[in-house]
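The values are calculated or read from the model by the stated rules, or taken from the named source; none is laboratory data. Please read all numbers here as calculations on a predicted model, not as lab measurements. Cβ placement follows ideal geometry from the backbone for every residue including glycine, while neighbour counts extend to all protein chains displayed. Please note that ligands, DNA and RNA were not included when accessible areas were found on the heavy atoms of the full protein model with its side chains. Shrake-Rupley method; radii C 1.70, N 1.55, O 1.52, S 1.80 Å.
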Amino acid sequence: MQQFNITILPQNITVSAEAGQSVLDAVRMAGLSLFAPCGGKGTCGKCAISANSHVTLACQTIVSSDLTVTLPQNSPHILTSNSLAEIEPDMQDAYVLAFDIGTTTVVCYLLSGKTGEVLSQASAVNPQTSYGADLLSRIQYALQDESNALEACIRRTISDLTIETAEKAGVNAADITRASIVGNTAMHHLFLGIDPKPLVVPPYMPKVSCAMELPAKDFLPISSNGIVRILPNIAGFVGADTVGCLLATRFDQNENIALMLDIGTNGEMVMGNAKRYLACSTAAGPAFEGANISCGMGGMTGAVDHVYLDDGRLVYHVIGNCTPAGLCGSGLLDLIAVLLEMGHIDNSGRLLTGTEYRLGDTDIVLTQRDVREVQLAKAAIRAGIELMAKQLGIEISAVQIVYLAGAFGNYLNPSAACRIGLLPPQLLKKIRLIGNAAGEGAKRSVLRADEFAYSQRLAARAEFLELASLPQFQDCFVDAMGFGEDTNA
Ligand code: FES
């Protein structure tokens, strides 16, 4: 088979691709990240690159000659945790690492083992996004792929972030002696090389749930005697990242009822108090991360992240204050809330401005299909909240605090989330944004052995609720689709 050189900028990496392969294949071979939510099927239109000065879709560009392509530049923002209590480290390790492997973004913190101080941090787009935005696409890919490409690419990224944080802090990577990792169950299995098949067949439980301490040399370029702590999973789609959030919020110590939400490609939720707490996940879909939305994109430079009314005039904010390139999740929610206020969307979700609404004089449009995608995503989450409250035998108003974790949770406007019915309006004043609580849990686990042990107790006490198996789920989901202000209230 004829081979061609594909040079990828700005990284300036050249790989050899066979005639007939796509540019997306070449990008994957180079171990680089390109947002490809549909996994290369040519249906999402998000994998745009520049090839010979033309903008084209990487997955639809077939290699037939040497080629130079330029990838879009997107660096994810690192989210810190917001005002969660500090802890004292209990060990003598000089340097330790904490990783949060998100479906979209991977974050690494290098900490002093003596003081707990963050010495440096770095993040990268999860390279598995080149294989699909959602977990199911990636698991399906992994099940057919004998080369273990998903495992290899995430391990490479974790290694690169280790080196990057060490260099930033002026630390020798070989002096790092301990690390901890959180991530959802699919990320956990794909990183560790565990068969992900049990996650997609009933009863959808992890192949491995327990917390583990493993030799670091198999995963990380740190001390050859180093140890990696892997936090436990709760269920197939409620993973170690949720446990990290529970750890950071001391969830099992709440006397009052609390609700914790981490909304991303999946929505993971925990509700309860010291006596009992339930955990569930909803297939919220990746709409809130920009996939399946015609002008959707991640929360990166160029994304419209906030839309609001100022004296009746629609105003928007763009990350990086540059030309707007698309809508990220928080901007999408805001825009729908504003259009509801303006009467351009009715309570059933019908767009009354025709088939689309254009944002000012930009190229960004919101289509009727986009509104429906948001309705499906928000109904899944809202139904989960309602059903957890029912299972606990409480009214929604009994919830005293709502922890919103994760990047989307941190940037979304709580009023807009309540206006569109993603969250029950009666909880608006109880919302607390806690930032990257999963990463905070990873930090605590690596700094203290008793925190790592605590994570195991937190996971073991969580009662997993399989929403789809509840007879009321379908009705509750349909009820939550509308935009009426008192939907399900
Ligand atoms: S259109 Fe190329 S990845 Fe979706």
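When only alpha-carbon atoms are used, what values of Rg and Dmax, in angstrom, describe segment 3-70?
Cα only, segment 3-70: 10.6, 28 Å (Rg, Dmax).
Can you spot the aspartates and glutamates whose alpha carbon is less than 18 Å from LYS41's alpha carbon? Ignore those fewer than 8 places along the same chain.
Straight-distance partners of LYS41: ASP25, ASP134, ASP145.
In segment 95-245, what percent of the accessible surface is made up of carbon and sulfur (1.4 Å probe, ligands and nucleic acids excluded)?
Details: 2600 of 5230 Å².
Looking at segment 95-245 in its full context, I get 50 percent from C and S.
Any idea which of ILE227, GLN144, LEU161 is furthest toward the positive side of the dipole for segment 95-245, if Lys and Arg beta-carbons carry +1 and Asp and Glu beta-carbons -1?
Positive-most Cα among the choices belongs to ILE227.
Cα to Cα, under 17 Å, and not fewer than 8 places away if on the same chain: which lysines meet these conditions relative to LYS390?
LYS275
So in the chain, which Cys have no other cysteine's beta-carbon sitting under 4.7 angstrom from theirs?
By the Cβ distance rule, which asks for a partner under 4.7 Å, the isolated cysteines are CYS47, CYS59, CYS108, CYS153, CYS210, CYS245, CYS280, CYS295, CYS322, CYS328, CYS418, CYS476.
Taking the highest mean first, how do the peptides 211-220, 226-235 order by number of other beta carbon atoms within 10 angstrom per residue? Don't skip to the end; give the middle numbers.
Values: 211-220: 16.6, 226-235: 24.5.
Listed from highest to lowest mean packing, they are 226-235, 211-220.
Which lysines, on any chain, are close to LYS168 with Cα under 20 Å apart, when same-chain ones fewer than 8 places away are left out?
LYS114, LYS443
Suppose each label sits 7 Å from its Cα in the direction of the beta carbon; what would the ARG250-THR362 distance come out to in nanometres?
4.1
Roughly how many Å² is the accessible area per residue of the chain, as a whole number, for a 1.4 Å probe?
About 39 Å² of surface per residue is accessible.
How much of the calculated P(r) for the chain lies past 38 Å, in percent of all Cα pairs?
Working: 28405 of 119316 pairs.
Counting pairs separated by more than 38 Å, the tail of P(r) holds 24 percent.
List residues of segment 122-148, by number, whose backbone nitrogen lies under 19 Å from a label position 7 Å along Cα→C-beta of CYS322.
Correct set: 123-126.
Just to make sure I understand: if all protein chains stay in place, what is the order of PHE464, PHE473, PHE251 by accessible area at 1.4 Å, largest first? Can you show the working numbers first?
Working: PHE464 65, PHE473 40, PHE251 0 Å².
Greatest to least solvent exposure: PHE464, PHE473, PHE251.
Once the Cβ-Cβ distance between ASP66 and GLU117 is put in as r, and R0 is 30 Å, what FRET efficiency do you end up with, to the nearest 0.05?
Details: r = 48 Å, r/R0 = 1.62.
It comes out at approximately 0.05.
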